[in-house]
Amino acid sequence: MKEEFKTYLEAIDISRPIRDKIETIYKFFQKICPDEITDIFVTDYLNKEGMRQYDNLWFFSKGYFMEAKQFLTNDDFDITPAKNILKYLQIVKKDYDFDKATELSRMSLNIRFDAAITGNFKASKKNCDYLKDIILNHIKPNLKQ
């Protein structure tokens with residue numbers, strides 16, 4: 001796995017066993033994606049007890065979005081072309097200025113593709129900065145005009 005992916009996973013407190021699972025999923029997507037995988041994002045949120053929970057795993061390439069749904073317990077994968085097919089996006093943020101995340105920062109992103117397919121992203125703490133980068137680098141350029 002790319003070093004920058006490992007750095008990201010460590011920054012959002014992903015444990016070694018979960019990183020190993022992500023590595024396996026990354027290798028799977030490398031086999032089916034025609035492009036080089038350039039970015040990664042793990043959806044996360046804080047539960048009622050304040051513990052971080054990880055939900056879905058996303059990978060991005062120049063031309064594709066890939067998702068592993070409920071990746072800790074399921075093998076449910078999809079891939080969709082990304083070029084100019086996003087029709088809608090909604091960003092909801094709390095205690096986040098879209099510049100620098102804090103321990104209180106929270107953000108969610110909901111997107112809708114042409115084919116009524118949706119994607120949902122959640123981020124807490126430092127992960128908000130990474131979700132911002134996904135929005136700017138992959139979501140915004142693929143909004144349909």
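The values are calculated or read from the model by the stated rules, or taken from the named source; none is laboratory data. Everything numeric in this text was worked out from a predicted model, so none of it was measured. Every residue, glycine among them, receives a Cβ derived from its backbone with ideal geometry; neighbour counts consider all protein chains shown.
Give just the number: which of (1) closer than 25 Å to residue 35 by Cα; (2) surrounded by 20 or more Cβ atoms within 10 Å (Cβ to Cβ) does residue 128 not satisfy?
(1)
Filter the range 77-110 down to the residues that are among the aromatic types (Phe, Trp, Tyr) and more than 26 Å from residue 28 (Cβ to Cβ), then identify the one that is surrounded by the fewest Cβ atoms within 10 Å (Cβ to Cβ).
So, considering only residues that are among the aromatic types (Phe, Trp, Tyr) and more than 26 Å from residue 28 (Cβ to Cβ), the one surrounded by the fewest Cβ atoms within 10 Å (Cβ to Cβ) is 88.
Among 61, 15, which is farther than 26 Å from residue 102 by Cα and among the polar types (S, T, N, Q)?
Testing whether each residue is farther than 26 Å from residue 102 by Cα and among the polar types (S, T, N, Q) leaves just 61.
What single numbered condition from (1) farther than 19 Å from residue 12 by Cα; (2) at pLDDT 95 or above; (3) exposed (fewer than 15 other Cβ atoms within 10 Å of the Cβ) fails to hold for residue 70?
(1)
This table checks each residue for (1) modelled with pLDDT under 95; (2) under 21 Å from residue 51 (Cα atoms); (3) touching a His at 6+ places or on another chain (Cβ under 6 Å); (4) assigned to a strand (DSSP E or B).
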position: 88; (1), (2), (3), (4): yes, no, no, yes
position: 103; (1), (2), (3), (4): yes, yes, no, no
position: 107; (1), (2), (3), (4): no, yes, no, yes
position: 119; (1), (2), (3), (4): yes, no, no, yes
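From 39, 20, 78, 95, grab the single residue that is out of contact with any helix residue (DSSP H, G or I) (no Cβ under 7 Å at 6 or more places or on another chain) and under 18 Å from residue 142 (Cβ atoms).
The match here is 78.
Among the residues of the range 12-67 satisfying the criterion of being in a helix (DSSP H, G or I) and among the polar types (S, T, N, Q), which is surrounded by the fewest Cβ atoms within 10 Å (Cβ to Cβ)?
Ranking the qualifying residues of the range 12-67, first place goes to 24.
Please work out if residue 46 is hydrophobic (A, V, I, L, M, F, W, C) and closer than 28 Å to residue 116 by Cβ.
Considered against the rule, which asks whether it is hydrophobic (A, V, I, L, M, F, W, C) and closer than 28 Å to residue 116 by Cβ, residue 46 comes out as no.
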